[in-house]
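Enquirer: I am attaching a structure below and will ask some questions about it afterwards.
The values are calculated or read from the model by the stated rules, or taken from the named source; none is laboratory data. The structure presented is a predicted model; accordingly, all values stated were derived computationally and were not measured. We place every Cβ from the backbone using ideal geometry, glycine too, and count neighbours over all the protein chains shown.
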Amino acid sequence: MADLRDLYQEVILEHSKAPRNYRVLQSANHKAEGFNPLCGDHYTVYVDVENGKIRDIGFQGAGCAISKASASMMTQSLKGKSTAEAEDMFTRFHALVTGKNRNPEDLGKLTVFAGVSEFPVRVKCASLAWHALHAALQGKQEAVSTE
């Protein structure tokens, strides 16, 4: 089990140091800000949706390793998915990081965040970008907060 945790930590650190899709997306037709006042994490998620599919997605901002890695892996996981699939993944990911998902394998690489459920304050870090994505897809204009 220790080897698996080490691997998970490596994946999270790697995505934090070299985040994928870390950019302002000029073609975005949906966007939302997410802010975690407890630790200061702040991200904007940009989504280009066409015909109900996420054509492209990006994010920009600053935060801890867990929040940045989560945002990076979220963008990789959702590109090409329908908005309905994205909303479903949001629900399943939130269940994973809060310890309520009994079948984490269905989230693929995102299962690296399963251990976050052991650290309640880190749940907000891991889910921040996902909450911003959810707000963006819902067309909400105000910044979302993890509080």
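Enquirer: So Pro37 ticks every box in (1) in contact (Cβ under 8 Å) with a residue 24 or more places away in the chain; (2) buried (at least 18 other Cβ atoms within 10 Å of the Cβ); (3) farther than 24 Å from Ser82 by Cβ; (4) in contact with a strand residue (DSSP E or B) (Cβ under 7 Å, 6 or more places away or on another chain) but one. Which box is left unticked?
Expert: (2)
Enquirer: State which residue is farthest from Met73 (Cα to Cα) when the search covers only segment 112-147 and only residues that are assigned to a helix (DSSP H, G or I) and polar (S, T, N, Q). It would help to see each step written out before you state the result.
Expert: Of all residues in segment 112-147, those assigned to a helix (DSSP H, G or I) come to 112-118, 120-138.
Keeping just the survivors that are polar (S, T, N, Q) gives 117, 127, 138.
Values: Ser117: 17, Ser127: 12, Gln138: 21 Å.
So the residue we want is Gln138.
Enquirer: What number of residues within segment 11-33 are outside any strand (DSSP E or B) and within 28 Å of Gly115 (Cα to Cα)? Let's see the steps before the verdict.
Expert: So in segment 11-33, the residues outside any strand (DSSP E or B) come out as 11-21, 23-29.
Keeping just the survivors that are within 28 Å of Gly115 (Cα to Cα) gives 11-21, 23.
So the answer is 12.
Enquirer: Still on this structure, I have one more. Those residues that are in contact (Cβ under 8 Å) with a residue 40 or more places away in the chain and either touching a helix residue (DSSP H, G or I) at 6+ places or on another chain (Cβ under 7 Å) or of a type in the set (Ser, Thr, Tyr) (or both), I need them from segment 115-141; list them, please.
Expert: Of everything in segment 115-141, those that are in contact (Cβ under 8 Å) with a residue 40 or more places away in the chain and either touching a helix residue (DSSP H, G or I) at 6+ places or on another chain (Cβ under 7 Å) or of a type in the set (Ser, Thr, Tyr) (or both) turn out to be Gly115, Val116, Arg122, Cys125, Ala126, Ser127, Leu128, Ala129, Trp130, Leu133, His134, Leu137.
Enquirer: For segment 60-72, state whether one or more residues are without any contact (Cβ under 8 Å) to a residue 12 or more places away in the chain and either among the aliphatic types (A, V, I, L, M) or part of a helix (DSSP H, G or I) (or both).
Expert: Checked against the condition, which is being without any contact (Cβ under 8 Å) to a residue 12 or more places away in the chain and either among the aliphatic types (A, V, I, L, M) or part of a helix (DSSP H, G or I) (or both), segment 60-72 yields no hits at all.
Enquirer: In addition: Checking the condition buried (at least 21 other Cβ atoms within 10 Å of the Cβ), under 16 Å from Ala143 (Cβ atoms), at pLDDT 95 or above and touching a His at 6+ places or on another chain (Cβ under 9 Å), which residue from Ala86, Ala71, Ala62 passes? Outline the logic, then answer.
Expert: Details: Ala86 fails: under 16 Å from Ala143 (Cβ atoms); Ala62 fails: buried (at least 21 other Cβ atoms within 10 Å of the Cβ).
Criteria check complete, one pass: Ala71.
Enquirer: Given the structure, is Leu25 at pLDDT below 95 and either farther than 23 Å from Thr83 by Cβ or buried (at least 16 other Cβ atoms within 10 Å of the Cβ) (or both)? Working first, answer last.
Expert: Details: at pLDDT below 95: no; either farther than 23 Å from Thr83 by Cβ or buried (at least 16 other Cβ atoms within 10 Å of the Cβ) (or both): yes.
In short, no.
Enquirer: Shifting gears a bit: In segment 33-48, which residue that is at pLDDT 95 or above and either of a type in the set (D, E, K, R) or in contact with a helix residue (DSSP H, G or I) (Cβ under 6 Å, 6 or more places away or on another chain) (or both) is farthest from Lys68 (Cα to Cα)?
Expert: Top of the filtered list is Asp48.
Enquirer: Under 7 Å between Cβ atoms, at least 6 apart or on separate chains: pull out the pairs that start in segment 3-17 with a residue that is aromatic (Phe, Trp, Tyr) and end on any residue that is surrounded by 13 or more Cβ atoms within 10 Å (Cβ to Cβ) and modelled with pLDDT of 90 or more.
Expert: Sorted first by the residue in segment 3-17, then by its partner, the pairs are Tyr8/Val112.
Enquirer: Another one. Please go through segment 89-110 and pick out each residue that is part of a helix (DSSP H, G or I), surrounded by 14 or more Cβ atoms within 10 Å (Cβ to Cβ) and in contact with a helix residue (DSSP H, G or I) (Cβ under 7 Å, 6 or more places away or on another chain).
Expert: If the condition is that a residue be part of a helix (DSSP H, G or I), surrounded by 14 or more Cβ atoms within 10 Å (Cβ to Cβ) and in contact with a helix residue (DSSP H, G or I) (Cβ under 7 Å, 6 or more places away or on another chain), then Met89, Phe90, Arg92, Phe93, His94, Leu96, Val97, Pro104, Leu107, Leu110 are the ones that fit.
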